[in-house]
1. Place a point 7 Å from Cα of residue 210 in the direction of its Cβ. Which residues in segment 170-194 have their backbone N less than 20 Å from it?
2. Using a 10 angstrom cutoff on alpha carbons, build the Gaussian network for the chain and name the most mobile of 232, 116, 170.
3. Cα to Cα, under 28 Å, and not fewer than 8 places away if on the same chain: which lysines meet these conditions relative to residue 3?
4. Below 14 angstrom from the Cβ of residue 131, what's the summed charge of the other residues (Lys, Arg +1; Asp, Glu -1)?
5. What Kirkwood Rh does segment 129-201 have if only Cα atoms enter the pairwise 1/r average? Answer in Å.
6. For a quick check, take a GNM of the chain with Cα springs below 10 Å and name the residue from 61, 136, 44 with the largest mean-square fluctuation.
7. Between residue 170 and residue 200, how many nm apart are label points set 7 Å from Cα along the C-beta direction?
8. Any chance you could run the full-extension gain for residue 31 through residue 155? It's 0.36 nm times the residue separation minus the Cα-Cα distance, nm to one decimal.
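Throughout, read-outs are computed from the coordinates displayed, never taken from laboratory work. These numbers come from a predicted model, not from an experiment. No Cβ is skipped: glycine too gets one built from the backbone with ideal geometry, and neighbour counts run over all protein chains shown.
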Amino acid sequence: MTKVFGLLGHPVGHSKSPLIHNDAFSSAGMDARYHAFDVKPEQVKAAVEGIRALQLAGCNVTVPHKIAVMDFLDEIDDEAKQIGAVNTIVNQGGRLIGYNTDGRGYVESLLEELGEPLADKNILVIGAGGAARGVVTALARHGVARLTITNRTLEKANALLDIAKSLNTEAEAISRDDAESKLGEYDVIINTTSIGMSPNTDESPLSLKKLAPGTIVSDLIYNPIETKLLKEAAQRGGRTLNGVGMFVNQAALSFEHWTGMKPNRQRMKELVVETLGGTSC
Ligand code: NAP
C-alpha cells in the first residue's frame, strides 16, 4: 500500500516540502507520496485525528500549528518539549510521536559553514519567535560559549534566556541599539526574524556598520536566497549563510525519522534553489 505523508500548515501553497520529499521517496524507490494539507487553526485537532484515522505514515507541521498540535500527540521527544514546538510527527502503529528538527537542521547548516566546533563561539541571535526557540535550544545543546538575543519585544527575548540557561549556556538579552554597537564582538550573527523576507526584500533587521570582517552572518530566510542583510554582510567582508541549508536539513532529519534512511541533501538543496530561481546555496 502506498504510504502517505503530509504537511499540516496554513497556508501551504508556497511550500517546497512536497517537491523535495516526493523526489526523495522516488530516489529511495519507496512507494510513498507527500501532500500539503491546508489546515485551518480550528481544525488542528481533527487533522491530527485524521493522521490516525487515515493511517498517514508521518507529517511535517508548519506555521501556525507547531505549538497547537502538541496537545493531540501521544508522545513528544525531549528536544521538542524544550523548544515548545513540533515540526515532525511519526505515526508508530497509531501512536503519534512529535519531534522538532528545525533547530538541529539549522545548527547542522552552521557547522557545515564553520567547519569547526561551536564551543568557543559568541553568537548574536536576532528575533525571539518560534524559529528562534529552535535555534537557541539547538545552539545551547551544542554548548556554544555565549548567546546574546535581541528582539523588538524584549520580554520574548528574556523568555529565551530561560531555555539557554536551563542548558547551562551563558545568555543575555539586549536592545537592537546595543547589539549594533557591540557587533564586532560576535563570531556569528543569526537573523531569525521575518524581516527581509519576500516581498519586503528591501528591509534589514540590523545595521552592519560595525561588522568585523570574517564574521558569519546568517539568515533563516531562504526567499530571497540572498537577503538585504546577507548582501550587506558580503560587502563588508562577512561570510554568509542563507536559510536553504536549514530548510533542507530539517526536511532530511524528518525523512530520517520516518524512514530510517538518509536522503541526498545536496539534491534537495539543488531542487529548492532551482525553484527559487537562484544559482547557488
Ligand atoms: P514568528 O514566530 O512569527 O517570529 C517572528 C520574529 O520576527 C519575532 O521575533 C518578531 O518580533 C520578529 N519580527 C517580525 N516582524 C518584525 C518587524 N517588522 N520588526 C521587528 N521584528 C519583527 O516567526 P518564525 O516562525 O520564528 O519565523 C521567522 C522567520 O524564520 C521567517 O522568515 C521564516 O520563513 C524563517 N524560517 C526559516 C526556516 C528554514 O527552514 N530556513 C524555518 C523556520 C522559519 P516580535 O517578537 O517583537 O514580534
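1. Within reach of a label on residue 210, which here means backbone N under 20 Å from a point 7 Å along Cα→Cβ, segment 170-194 contributes 171-192.
2. 116
3. Result set, ordered by chain and number: 16, 40, 45, 66, 81, 262, 269.
4. Numbers: positive: 66, 104, 133, 156; negative: 102, 219.
After counting each charged neighbour, the total is +2.
5. On the way: mean 1/r = 0.0781 Å⁻¹.
Evaluated on segment 129-201, it is 12.8 Å.
6. Among 61, 136, 44, the largest GNM mean-square fluctuation belongs to 44.
7. Each label point is offset 7 Å from its Cα along the Cβ direction, giving 3.4 nm.
8. Working: separation 124, 0.36 × 124 = 44.64 nm, distance 4.73 nm.
Result for the pair: 39.9 nm of gain on full extension.
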